[in-house]
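Structure first, commentary second.
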Amino acid sequence: MVMAQLFVRLTGRPHETDEGLDAPCEWLLREEGGDVVVEGSGSLVDLGHEAPWGDDTPDVVALAPVERVLCLSRTVPGRSVSQIARALPFAVEEFVTQDIETMHLAHGPITRGRPVSCVLVDRQLVTDWLAAIRSIGLSPAVMAPDAGLLPDACEITVLFEGDDALLRTPGHLLRIDRRALPGTLAAIAPDAPNDTPAVPAARLEVIGGTPAQTDALRQVFPGEVDAQPLEEPVLRFLASHYPASGTINMLQGAFAPARRNRGTASRWRAVAALAAVWFLLFTGMRFGEGLWADHRADALQADAAALFRELYPEARPPRNAYTEMRRRVGQPDQPAAADFELLLGALALAIDAALEGVELRSLSYSAGRGELTTELSLREYADLDRLRLQLEAEGVVVHIGSAEEQDGVVRARLRVAMG
């Protein structure tokens, strides 16, 4: 069932009041179809008194003021997703002025060899924001920088809001004084770190700017500039673009919301258990067959060697007479097709042996490639490494396509094939 969505845009730091912890904010409640029910501004306490959602608690998306967070991208060395995740704090520490231990680090999907998008924010600030929101009976599933909801159809997007402007580029999320915007746009690309994606001088989208403001940006921006009016409140505009591409949910790690049980594990439990039993039976049978096969293979090799000497007396005896005979008479060995049941059984055994709390979300098999593709939910990145090692111990080749933290769990996509 899809519930209504409540967007809470935090606009300042939390503070103590007679009614408890409070923070200034704007809010917008919309139905599951996208129609706005109510919107307003004030404080979280005001929102709690109004409670426009009635008895049906909505899905809550909290938007943090981007000026309170640091957004950047870094390329981090590592042989595994878990190693890269553990190394991220060391890679971003040089960009913060306070102790990294007091900062909360959230990140986007991790792929080896590619920059990782990160968000850094004071840990106590996140703690206080969440406490203030929960004090009015709400529990957000998502908290993201507000500028992260700007559209990314162009390489750079600017939204004018009062005396400031929100700015989104491939490597930056910022709120800046609108008077400093021309100089900032001119400086972004050369001042970016070496491993931050460069800002192409291609297209700039200006939202809500006056003709004079847009003309000022055209004078400093070397590429195409598109302008569009802003005919609705900023929060309504941002909510209409949720979820935006590349949005990082800051509620990771210790701040991850309680996990919802979607029942996906039970859907696969019987299949995985049957596959595991089949795998054990299959390997046991193969072991018994192997004893006979070894004996039979020796006999075949002896027969093939004798026949080879008769047919090709001038040729040098091959190392594997049976294979050479098949090649010479036009019957090359056919590679054994990877077996779906065998791969599924190995996956089930690896999960059972190494992990708890795993949800198998989807499976697909390509007979042509002999690959089983699966999407999993795991508790942490270390579980993903343990699963990979367990599968490799079973002789399975593992390729991790992607891994990212969502809703308090790590969602990973794997391709596995027999080695």
Would a scan of segment 158-168 turn up a residue that is touching a Pro at 6+ places or on another chain (Cβ under 6 Å) and either touching a residue at least 40 places away in the same chain (Cβ under 8 Å) or farther than 25 Å from residue 211 by Cα (or both)? no
Could you tell me whether residue 67 is among the acidic types (Asp, Glu), out of contact with any Lys or Arg (no Cβ under 6 Å at 6 or more places or on another chain) and surrounded by fewer than 17 Cβ atoms within 10 Å (Cβ to Cβ)? no
Is it true that residue 96 is surrounded by fewer than 20 Cβ atoms within 10 Å (Cβ to Cβ), over 23 Å from residue 404 (Cα atoms), modelled with pLDDT under 85 and not assigned by TED's automatic domain parsing to the domain that holds residue 171? yes
Taking residue 24 as meeting all but one of (1) touching a Gly at 6+ places or on another chain (Cβ under 7 Å); (2) on the phi > 0 side of the Ramachandran plot, write down the number of the exception. (2)
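Kindly provide the set of residues from segment 97-115 that are under 16 Å from residue 69 (Cβ atoms) and among the β-branched types (Val, Ile, Thr), ordered by number. Quick ask: steps written out before the conclusion?
Keep residues of segment 97-115 that are under 16 Å from residue 69 (Cβ atoms), which gives 97-98, 100, 102-108.
Once the filter is applied, which keeps residues that are under 16 Å from residue 69 (Cβ atoms) and among the β-branched types (Val, Ile, Thr), segment 97-115 yields 97, 100, 102.
The values are calculated or read from the model by the stated rules, or taken from the named source; none is laboratory data. Worth saying up front: this structure is predicted, and the values here are computed from it rather than measured. Glycine gets a Cβ as well: all are built from the backbone with ideal geometry, and neighbour counts include every protein chain shown.
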